[in-house]
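Participant: My questions all concern the structure below.
The numbers here are math on the coordinates, done by the rules we state, and not lab data. Worth saying up front: this structure is predicted, and the values here are computed from it rather than measured. Please note: Cβ atoms are built from the backbone with ideal geometry, for glycine as well, and neighbour counts cover all protein chains shown.
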Amino acid sequence: MWLEKLHLTHFKNYEAGSYTFGERVNCLVGQNGSGKTNLLDAIYFLALTKSAFQNQDALTIQHEADFLVLDGIFRDGTRRTQITGSLQRGQRKVMMADKKAYDRLSDHIGRFPVVLIAPDDTDLVRDGSEERRRFFDGVLAQLTPAYLDDFLQYNKILSQRNSLLKIFAERNYLDEDMLETYNEPLIALAQRIYEHRRRFMEHFLPLVGRYYAYLSNERERVDLIYESEVARPDFPTEFRKHRSRDLHAQRTSKGIHKDDYVFEIDGRALRKFGSQGQQKSFVIALKLAQYELLALEKETQPILLLDDIFDKLDDLRIHKLIEMIDSGSLGQVFITDARPERSHRILDQVAADVRFFEIGKSYE
Amino acid sequence: MNYPSRLIEDAVNEIAKLPGIGKKTALRLALHLLKRDEEQTRALSDALLSMRTQTQFCRQCHNIADGELCAICSSTKRDASLICVVVDTRDVLAIENTSQYHGHYHVLGGIISPLEGIGPADLHIESLVRRLQQASEQEPVREIILALSPTMEGDTTAFYLQKKLKPTGVKVSTIARGIPIGGDLEYADEITLGRSIVSRVAYD
């Protein structure tokens, strides 16, 4: 699966832009601030219905414009699909496939798999558990539509329950039956989501180990441990036991929204004991493992977006990624680089078709 | 939009606050009223004001009423042993139009959604429980029918009502969910179709 054409209107710094991409390697060069990463983000947006870098949709609309439109042609063999994403200030986001709007945005997620490797990925290692949950939820959502459905429903019930706890606190009363009305579905969904995550990890972990070894030429053993209180057989009892704490905090203290993923290297915390290089290798291994699982599940090669990797990675890891591109184990790849001479030098070794795009020239 | 007069602008803004009416429609309505007799506008505003100030809610079922009891609760032809629980008056009208139901109603006045600040105490749930407890021995309530929308909030409300009504010992049922009459199986969404299979009906 690959993106043949992309047209942007009022997306981030783009007034308007049209691109026709190659099936294999597309290198986007241009100065800092010219919009290379924004172009990657536009591709990400078309595939996953939102920006990779901006949580607030409205901020992806060009400054002082009223709306944005992204329009792309995805190719899979002989099949062409036109995907359009549009957003008007103050209105709901619309995604369309061949001009037909989706009823639910979530129905689109996973149809056109995409994986992004970006410079700030190592935040996954260093930041709090929320970042890691967000990453794995994104991976699972693309992989399994049923996961996304359960996850969205869980969050909906969770926010209802939390609002209910607030109502109880504000009006100073407690209705056990009402609380229980939310407890039952919440516990059932938590257990289902836990099962999704646990089973996913069984397939994911061996791939991460393999890619880490490939990328680093080193012998450390990496591990990825999924931790969840929902795993305990007495979770439903535990969940209900925390009722008074929940009431006090006006927040639900137990559930899959408290899960974490622990990254280890030789049995020790990667965050504390891993070098910069080890942390980078680890997160790239995560992304490549995601790529392989998506390719297996969707029976098509995802689009790989590589943001600024020549600047942020050392020669060995760059060489390994280029090797993968050359071997054909990666499909369509987008690479951004601020220094064209460097990317020319590196990509000239690649046998596959490479196209260069100078970004920002004609529009500034 | 630029208006020729402040008075028209005020009127348009007020009319456009109504659900389903935008500024353009509001302007059309305002200009329409200007063209007609003053008497017509007076009749409209009088009707609206009387509706707002004089409408009462039935003390038994909370449906809209002209007096203390609504027409349904005060009718001797209705079966008081059946109570159908609905969200608002529009649902009462919808069920009345089916001509299939001859019992009483209980209007909740909303649906439980803490996110929107609506808890169970904001709805007429306590009064439903009281109504069952106070039902006379000669005329006990046989069944409560929950007619709520099959959304997450509707299901939550139904689930909560079940819990609250259980101690009264009255039978509680919910309206069936399934394929619309005249609908086509292949176009039914999978959740509805799945539910229809699970709760299939045997031929007698």
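Participant: I'd like to compare A:282-294, A:60-72: which one has the highest average count of other Cβ atoms within 10 Å, and what's the full order after that?
Facilitator: A:282-294, A:60-72
Participant: Of all DSSP beta bridges located in the stretch B:75-174, what percent are antiparallel, nearest 5?
Facilitator: Antiparallel: roughly 5 percent of the beta bridges in the stretch B:75-174.
Participant: Pick out which of A:Ser244, A:Ser106, A:Ser18 has the largest mean-square fluctuation in a Gaussian network model of chain A, springs linking Cα atoms closer than 10 Å.
Facilitator: Greatest mean-square fluctuation among the candidates belongs to A:Ser244.
Participant: What nm distance separates the two modelled labels at A:Ala16 and A:Glu184, each placed 7 Å from Cα along Cα→Cβ?
Facilitator: The answer from the label model is 5.8 nm.
Participant: For a Förster distance of 30 Å, can you work out the FRET efficiency between the beta-carbons of B:Arg78 and B:His32, rounded to the nearest 0.05?
Facilitator: FRET efficiency, B:Arg78 to B:His32: 0.15.
Participant: Still on this model: Quick one: dipole size for the stretch B:1-151, taken about the Cα centre, charges +1 on Lys/Arg Cβ and -1 on Asp/Glu Cβ, in debye to the nearest 20.
Facilitator: Result for the stretch B:1-151 is approximately 440 debye, rounded to the nearest 20.
Participant: Output ³J(HN,Hα) for the stretch A:232-242: one whole-Hz value per residue in order, computed from phi by the Karplus curve 6.51 cos²θ - 1.76 cosθ + 1.60 with θ = phi - 60°, and x for Gly and Pro.
Facilitator: 5, x, 8, 3, x, 5, 4, 4, 6, 5, 8
Participant: In addition: With a ≥ b ≥ c taken as the square roots of the eigenvalues of the C-alpha gyration tensor of the stretch B:100-204, please select rounded if a/c is under 1.5 and otherwise prolate if a/b is larger than b/c or oblate if it is not? Each step should come with its number before you reach the end.
Facilitator: Values: a/c = 2.52, a/b = 1.43, b/c = 1.77.
Note, shape of the stretch B:100-204 comes out oblate.
Participant: Taking only the C-alpha atoms, wrap a convex hull around the protein assembly as shown and report its volume per residue in Å³ as a whole number. Display every interim value, and only then the final one.
Facilitator: On the way: hull volume 132.9 nm³, N = 568.
Per residue, the Cα convex hull of the protein assembly as shown comes to 234 Å³.
Participant: Can you compute 3J(HN,Hα) from phi for each residue in the stretch A:18-35, using the Karplus curve 6.51 cos²θ - 1.76 cosθ + 1.60 with θ = phi - 60°, rounded to whole Hz and x for Gly and Pro?
Facilitator: Values per residue, Gly and Pro as x: 10, 9, 10, 9, x, 6, 10, 9, 10, 10, 9, 10, x, 5, 4, x, 7, x Hz.
Participant: For chain B, give the share of DSSP beta bridges that are antiparallel, in percent and rounded to the nearest 5; count only bridges with both residues there.
Facilitator: Working: 3 of 16 bridges.
Taking every DSSP beta bridge within chain B, about 20 percent pair in antiparallel fashion.
Participant: Roughly what angle does helix A:145-171 make with the longest principal axis of chain A, taking Cα atoms, 0 to 90 degrees, to the nearest 10?
Facilitator: 50 degrees
Participant: How many percent of DSSP beta bridges within the protein assembly as shown run antiparallel, rounded to 5?
Facilitator: That works out to approximately 60 percent antiparallel.
Participant: How far apart, in nm, are two points set 7 Å out from the Cα along the Cα-to-Cβ line at B:Arg90 and at A:Asp326?
Facilitator: The answer from the label model is 6.6 nm.
Participant: In the protein assembly as shown, if the dipole is taken from +1 on Lys/Arg beta carbons and -1 on Asp/Glu beta carbons about the Cα centre, which of A:Pro206, B:Ala11, B:Ala188 is farthest to the positive end?
Facilitator: Of the listed residues, the answer is B:Ala11.
Participant: Near the amide H of A:Gly331, under 5 Å away, which other amide H atoms are found, from residues 5 or more places off or on another chain, if H is placed in the peptide plane?
Facilitator: none
Participant: Treating the angle as unsigned and between 0 and 90°, give the value, to the nearest 10°, between the Cα long axis of helix A:276-298 and the longest Cα principal axis of chain A.
Facilitator: Approximately 90 degrees, to the nearest 10.
Participant: Then there's this: Determine the gain in length on full extension of the stretch A:Glu131-A:Asp107; use 0.36 nm per residue of separation and subtract their C-alpha separation, reporting nm with one decimal.
Facilitator: Full-extension gain reported as 6.3 nm.
Participant: Which order do the peptides B:42-54, B:23-35, B:116-128 come out in when sorted by mean C-beta neighbours inside 10 angstrom, highest first?
Facilitator: The peptides rank, most packed first, as B:116-128, B:23-35, B:42-54.
Participant: How well do other chains shield peptide B:103-114, expressed as the mean number of their Cβ atoms within 10 Å of each residue Cβ?
Facilitator: Across B:103-114, the average partner-chain Cβ count within 10 Å equals 2.
Participant: Between A:Glu176, A:Glu15, A:Glu238, where does the largest GNM mean-square fluctuation fall for chain A, given springs only between Cα atoms within less than 10 Å?
Facilitator: Taking springs between Cα atoms under 10 Å, the residue moving most is A:Glu176.
Participant: Per residue of A:178-184, how many C-beta atoms from partner chains lie within 10 Å of its own C-beta, taken as a mean?
Facilitator: Mean shielding count: 5.
Participant: Okay, next question. From the Cα gyration tensor of the stretch A:89-178, with a ≥ b ≥ c the square roots of its eigenvalues, which class applies: rounded if a/c is under 1.5, or else prolate if a/b is larger than b/c, or else oblate?
Facilitator: oblate
Participant: Would you mind giving the mean number of other chain beta-carbons within 10 Å of the Cβ of each residue in B:157-163, as a whole number?
Facilitator: Averaged over the peptide's residues, the number is 4.
Participant: Still on this structure, I have one more. Can you return the lysines within cross-link range of A:Lys99? Criterion is Cα-Cα under 22 Å, with same-chain partners fewer than 8 residues away left out.
Facilitator: Hits, sequence-local ones excluded: A:Lys5, A:Lys50.
Participant: Here's a follow-up. Which residue, B:Val86, B:Val12, B:Val129, tops the fluctuation ranking in a GNM of chain B built on C-alpha contacts under 10 Å?
Facilitator: The residue with the greatest mean-square fluctuation here is B:Val12.
Participant: Helix A:315-327 sits at what angle to the longest principal axis of chain A, using alpha carbons and giving 0 to 90 degrees rounded to 10?
Facilitator: 80 degrees
Participant: Still on this structure, please answer the following. By a straight-distance test (C-alpha under 29 Å), which lysines pair with A:Lys166 as possible cross-link partners, with residues fewer than eight away in the same chain excluded?
Facilitator: A:Lys156, A:Lys241, A:Lys254, A:Lys258, B:Lys163, B:Lys164, B:Lys166
Participant: Oh, and also: Nearest 500 deg cm²/dmol is fine: what mean residue ellipticity at 222 nm does chain B get from its DSSP H runs of n ≥ 4 alone, each adding -39,500 (n - 2.57), divided by its residue count?
Facilitator: Mean residue ellipticity, 222 nm, calculated: -12500 deg cm²/dmol.
Participant: Could you give the size of the charge dipole of the protein assembly as shown about its Cα centre, using +1 on the Cβ of each K and R and -1 on the Cβ of each D and E, expressed in debye and rounded to the nearest 20? Walk me through the intermediate numbers first.
Facilitator: Details: 75 positive and 83 negative charges, 83 e Å.
It comes to approximately 400 debye.
Participant: How big is the gap, in Å, between the Cα center of the stretch A:176-254 and the Cα center of the stretch A:299-332?
Facilitator: 31 Å
Participant: With a 10 Å radius around each residue's Cβ, average the other Cβ atoms per peptide and rank B:174-186, A:28-40, A:180-192, highest first. Before the final figure, lay out the partial values.
Facilitator: Working: B:174-186: 10.5, A:28-40: 20.8, A:180-192: 19.2.
Answer by packing, highest mean first, reads A:28-40, A:180-192, B:174-186.
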